[in-house]
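Notes for the one structure printed next.
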Amino acid sequence: MKKSFLTILSVIGSVVLISYGLGSCRKNNSNHLEALQQIIPEGFPTPAYTFAGNPLTKEGFELGRKLFYDGALSLDGKFPCASCHQQIAAFGTYEHDRSHGYNGSHTLRNAPVLFNLAWQSKFHWDGEFNSLFDEAAQPINGHIEMAESFNGVINKLEKDPEYRDEFRKVFRSNFIRPEFILKALAQFTGYMTSANSKYDRYKKGQATFTAQELNGYQLFKANCATCHPEPTFTDYSFRNIGLPVDNFLNDYGKMRVTKDPGDSLKFKVPTLRNVYISANYMHDGRFNTLAQVINHYRTGVHQSATLDPLLTNGITLTDAEATDLRSFLITLTDSTFIADSRFKSP
């Protein structure tokens, strides 16, 4: 009896494998995927993320875009990725200090902008995550963000025939899996590249700076470029820039991850590309304007044990120089990126 039962299981398994193989052949023959070329702007270094193990395709990108804007990734359907990462703000949170999440909650931090992510190897303000996959999984499962589970998301997506077909085509699987969701999102967010600002055109000899912008550029190179080097305008390091801790949030930055007191109040250096349109500023969105940010470095640096040595004496600027520096920072705005139809809600 036992032998007969094992024989039956063996026959059934063979039939399933043969059927799956035939189905896979049919899908491979009929579902051609259109490869996308990763965009590497002129002068940029080699990206840290090159889509190895996650081939970049038009279909994968479009699936990721659809997921990015779909409330189904959140528990109540009201908080898609795009609710905190809005195109008008270069995929940061538009004119808001900290993002809103499920059940009326406030998130801990200001949502970082989402572009040129392929050049990063550490994600979130404290560097907790090492990949585009991990950093996207956290808000989906975070109780004060999207508050869902992958099982919950998949149950919703599998009820949609279009999603089933799209996942089957892109990932050659009859099942929707968490890793497929994260890979699709990585194709969308990892492909978003911003490098067509007035600054970029100036560097190519296609635009001219005003006297204010040019003076601001010189001031930037003298005072800011160590932490915000061209062309990415960040060195991706973690630094204490003299922001006193918010006693309500008690957010000590990288120390939250490493437990090392030497990392107290250290946060990731953000890119300054599109900074003019990505207010609010700093990890907790405490500043509303660029003028406030610049004035912090002039007169507001708070002394502490882990303060970056470059800021021991702050940055000395006259009022006129502060205005010129702001004028230069505005030239980093990429208006084509925030209007690019490829990244809008499908």
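Return the total of residues in the stretch 30-81 being under 20 Å from the mean Cα position of the chain (by Cα) and either exposed (fewer than 13 other Cβ atoms within 10 Å of the Cβ) or of a type in the set (Ser, Thr, Tyr) (or both). Of the residues in that region, 10 qualify.
So, in the stretch 82-95, exactly how many residues are part of a loop (DSSP other than H, G, I, E, B) and open to solvent by 60 Å² or more (accessible area, probe 1.4 Å)?
Within the stretch 82-95, the subset part of a loop (DSSP other than H, G, I, E, B) is 84-85, 90-91, 93-95.
If we keep only those that are open to solvent by 60 Å² or more (accessible area, probe 1.4 Å) too, we end up with 94-95.
The qualifying residues number 2.
A residue that is of a type in the set (Phe, Trp, Tyr), under 22 Å from residue 121 (Cβ atoms) and open to solvent by less than 20 Å² (accessible area, probe 1.4 Å) occurs nowhere in the stretch 236-244. Residue pairs whose Cβ atoms lie under 7 Å apart, sitting 6 or more positions apart in sequence or on different chains, and linking a residue in the stretch 59-80 that is within 25 Å of residue 143 (Cβ to Cβ) to a partner that is among the polar types (S, T, N, Q), are 64/187; 69/345; 80/74. Checking each residue in the stretch 112-130 for being free of Cβ contacts under 8 Å to residues at least 40 places away in the same chain and either touching a helix residue (DSSP H, G or I) at 6+ places or on another chain (Cβ under 9 Å) or over 20 Å from residue 238 (Cβ atoms) (or both) picks out 123, 129. Scanning the stretch 289-297 turns up no residue that is part of a loop (DSSP other than H, G, I, E, B) and either surrounded by 19 or more Cβ atoms within 10 Å (Cβ to Cβ) or modelled with pLDDT under 95 (or both). Looking at 209, 188 in this structure, which one is touching a residue at least 24 places away in the same chain (Cβ under 8 Å) and over 22 Å from residue 92 (Cβ atoms)? Being touching a residue at least 24 places away in the same chain (Cβ under 8 Å) and over 22 Å from residue 92 (Cβ atoms) holds for just one of 209, 188, which is 209.
The values are calculated or read from the model by the stated rules, or taken from the named source; none is laboratory data. Because the structure is a prediction, the values reported are computed rather than measured. Virtual Cβ from ideal backbone geometry, glycine too; neighbours counted across all protein chains shown. Please note that ligands, DNA and RNA were not included when accessible areas were found on the heavy atoms of the full protein model with its side chains. Shrake-Rupley method; radii C 1.70, N 1.55, O 1.52, S 1.80 Å.
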